[in-house]
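Engineer: Shown below is the structure under consideration.
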Amino acid sequence: MDASLDSGSTRPDWVQANPSRIAASLARAVAKPSGGWWVLGASRSYRRSIRRRLKSTNTTDHGPWQEVVADQELVLWRPDADGPLLAASAVCPHMGAHLGEGRVVDGCLVCPWHGLALAEKGHGSWRTMPVYDDGVLTWVQLDPSAADALPAPILAKRPDVFLDGVIRRDATCEPADVIANRLDPWHGAHFHPYAFTGLRVIEERDDAIDLEVAYKVVGKYSVKVTARFETPDPRTIVMTIIDGEGTGSVVETHARLITSAGLGRPPRTAVIEATLATSDRHGFEHALKGAALARPLIKLSAARLWKDDAAYAERLHHLRAR
């Protein structure tokens, strides 16, 4: 560590939040390998919604999901309620219909234009893509034949027992703008005064930032913890509580490109954030049992922060594009 950085000093945050240093950290982050994997969303949503669909229609037919990942229209479906989640191009190999507007019938994806039934084995050059469920998030690999493709996503360390909540917010920016937001923890107490009462960076390294932060809980009551920010891949930044209440808890922020900038069109990025809360306090097991009630509170807190931080990321993109 360069002593000249004077981490943990009492210098003003606007001095410590050095733009060139943040840019250097961002450059190191985006240079890391991704293995070709992108986060789609919360695994729970893909597991439960199909059961609701089948129950509501009282048939085996159901509609697929639609997503756009890095400019590619994707369709996702399960052959049946307990089958694996499948992903493929949403462009029908016959005449280009959007397969997301079709139906899943007897395990096959049926084109809405001409009735072509597509199964997991593929059809001509049309093939399903690798999908990975890590227990909290679902990932897709667009091109498994790429030279830098990995058999699984690069995952950060997670607690063994946790209560999780996942949110998504779309923003008019690029994935790097989302990562840049998280590489600037100095803005926290200024930009989110309703959530933090204080924040102090205590150490900076090439691959991590450690800070002391006080989270508001109720009224004037706050909890101080030590947290670490790291970037395991170019589109993910992870905050781990390394000391204090909730040690081992993790917040994973994933930035997934929806569409890149085009003629007269700004880029769009999906911010998908998973909070995995844990505690060694007696009674945490009761919180796990009441996950259905606690999870919305976790998501509400994360969504409020990202209402602000999405504006931050969009501002970064706006200035760079202008």
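Engineer: Sorting Ile22, Ile237 by accessible area (1.4 Å probe), largest first, what list results?
Structural biologist: Greatest to least solvent exposure: Ile22, Ile237.
Engineer: Compute, for the stretch 201-322, the length of the dipole vector about the Cα centre, with Cβ point charges of +1 (Lys, Arg) and -1 (Asp, Glu) only. Units Debye, rounded to 20.
Structural biologist: Around 860 debye, computed over the stretch 201-322.
Engineer: Can you tell me the FRET efficiency between Tyr194 and Ala70 if r is taken as the Cβ-Cβ distance and R0 is 30 Å, rounded to the nearest 0.05? Let's see the in-between values first.
Structural biologist: Working: r = 34 Å, r/R0 = 1.14.
Computed FRET efficiency for Tyr194 and Ala70 comes out at 0.30.
Engineer: Still on this structure: Using +1 on the beta carbon of Lys and Arg, -1 on that of Asp and Glu, and nothing else charged, what's the dipole of the chain about the Cα centre, debye to 20?
Structural biologist: Numbers: 39 positive and 39 negative charges, 201 e Å.
The dipole magnitude comes to about 960 debye.
Engineer: Using +1 at the Cβ of each Lys and Arg and -1 at the Cβ of each Asp and Glu in the chain, identify which of Pro64, Pro130, Gly246 lies farthest towards the dipole's positive end.
Structural biologist: Ranked along the dipole, the leading option is Pro64.
Engineer: Another question about this same structure. Sort Val213, Val15 by heavy-atom solvent-accessible area, probe 1.4 angstrom, most to least.
Structural biologist: Working: Val213 5, Val15 50 Å².
Result, largest first: Val15, Val213.
Engineer: Pairs of Cα atoms under 8 Å, at least six residues apart: use those to get the relative contact order of the stretch 228-290, whole percent. Write down the numbers at each step before the final one.
Structural biologist: Working: 99 pairs, mean separation 16.1, N = 63.
Here the relative contact order equals 26 percent.
Engineer: From the residues Gly290, Ala147, Ala311, which one has its Cα farthest along the dipole of the chain in the positive direction, the dipole being from +1 and -1 charges on Cβ of Lys/Arg and Asp/Glu about the Cα centre?
Structural biologist: Gly290
Engineer: Please compute the Kirkwood hydrodynamic radius over the stretch 88-216, one decimal place, Å, based on all pairs of different Cα atoms.
Structural biologist: Details: mean 1/r = 0.0515 Å⁻¹.
Taking every pair of different Cα atoms in the stretch 88-216, averaging 1/r and inverting gives 19.4 Å.
Engineer: Right, next: Which of the listed residues, Asn181, Pro234, Asn18, is farthest toward the dipole's positive end in the chain, when Lys, Arg count +1 and Asp, Glu count -1 at the beta-carbon?
Structural biologist: Going by the Cα projections, it comes out as Asn181.
Engineer: From the list [x] 40, 19, 18; [y] 26, 22, 20; [z] 38, 24, 17, can you say which value of semi-axes √(5λ) of the Cα gyration tensor in Å was derived from the structure given?
Structural biologist: From the options [x] 40, 19, 18; [y] 26, 22, 20; [z] 38, 24, 17, the structure gives [z].
Engineer: About the Cα centre of the stretch 51-208, what is the dipole size in debye to 20, counting +1 per Lys and Arg Cβ and -1 per Asp and Glu Cβ, all else neutral?
Structural biologist: So the magnitude is around 620 debye.
Engineer: Using a 1.4 Å probe on the protein heavy atoms, what percent of the accessible area of the stretch 224-293 belongs to carbon and sulfur?
Structural biologist: Numbers: 1760 of 3070 Å².
It is 57 percent, rounded to a whole number.
Engineer: Still on this model: Which order do Asp160, Asp243 take when ranked by solvent-accessible area (1.4 Å probe, heavy atoms of all protein chains), largest first?
Structural biologist: Most to least solvent-accessible, the answer reads Asp160, Asp243.
Engineer: If you average the C-alpha positions of the stretch 234-299 and of the stretch 106-184 separately, how far apart do those two centres end up, in angstrom?
Structural biologist: Going from one Cα centre to the other spans 17 Å.
Engineer: Using just the helices of the chain, give the 222 nm mean residue ellipticity in deg cm²/dmol: DSSP H runs with n ≥ 4 each add -39,500 (n - 2.57), and the total is spread over all residues, rounded to 500. Working shown, then result.
Structural biologist: On the way: 7 runs with 80 residues, N = 322.
Theoretical 222 nm ellipticity from helices: -7500 deg cm²/dmol.
Engineer: Taking only protein heavy atoms into account and a 1.4 Å probe, give the accessible area per residue of the chain in Å². All intermediate terms of the calculation are to be shown ahead of the outcome.
Structural biologist: On the way: 16070 Å² over 322 residues.
Per-residue accessible area for the chain comes out at 50 Å².
Engineer: Further question: Over the chain, what is the relative contact order in whole percent, taking alpha-carbon pairs under 8 Å and six or more residues apart? Display every interim value, and only then the final one.
Structural biologist: Values: 642 pairs, mean separation 62.6, N = 322.
Taking the mean separation of contacting Cα pairs over the length of the chain, I get 19 percent.
The values are calculated or read from the model by the stated rules, or taken from the named source; none is laboratory data. Everything numeric in this text was worked out from a predicted model, so none of it was measured. Positions of Cβ are generated from backbone atoms using ideal geometry, with glycine treated the same way; all protein chains shown enter the neighbour counts. For accessibility, only protein heavy atoms count, side chains too; no ligands or nucleic acids. Shrake-Rupley method; radii C 1.70, N 1.55, O 1.52, S 1.80 Å.
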